[in-house]
């Protein structure tokens, strides 16, 4: 049995299970699997990924197993065409947030260190971005 101390996660999982039941009812009334998959992404995946970068660091291994069990349950019942893994969802949402923040018009963009002119003079491996880590943290005492 999975246990969690987070009331927010318990509420989230309760809402996701309610949505799975709704999808099961739609399936039993004759809705086809591609349509169920579309609704699963809209109702379940979006519910799980909303604010995921904010609370993903607080998830325990048991919490991740519990969320992954939802994917297996949906696949077993034929509610979706593809399974998801919470680690993959976390990585995708973190990367999406990072790409948004690195855009010049974003309100948090000024917190990044300036691009270094020496960055291009080295023969380094290709990066996905041009942001360099600063030598000191803004949180250092």
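The values are calculated or read from the model by the stated rules, or taken from the named source; none is laboratory data. Everything numeric here is computed off the predicted structure, so don't read it as measured data. Using ideal geometry, Cβ is built from the backbone for each residue, glycine included, and neighbour counts are taken over all protein chains shown.
A few remarks follow.
- Candidates 74, 56 - the one that is modelled with pLDDT of 90 or more and closer than 27 Å to residue 128 by Cα: 56
- The range 78-95: number of residues that are over 14 Å from residue 13 (Cβ atoms) and in a helix (DSSP H, G or I): 9
- The set of residues in the range 21-40 that are closer than 13 Å to residue 80 by Cβ and either over 23 Å from the mean Cα position of the chain (by Cα) or touching a residue at least 40 places away in the same chain (Cβ under 8 Å) (or both) comprises 23, 24, 26, 27, 31, 32, 33, 34, 36, 37, 40.
- Number of positions in the range 42-71 that are closer than 30 Å to residue 29 by Cβ and exposed (fewer than 12 other Cβ atoms within 10 Å of the Cβ): 3
- Restricting attention to the range 1-20, the residues being touching a residue at least 24 places away in the same chain (Cβ under 8 Å), within 17 Å of residue 60 (Cβ to Cβ) and part of a helix (DSSP H, G or I) number 4.
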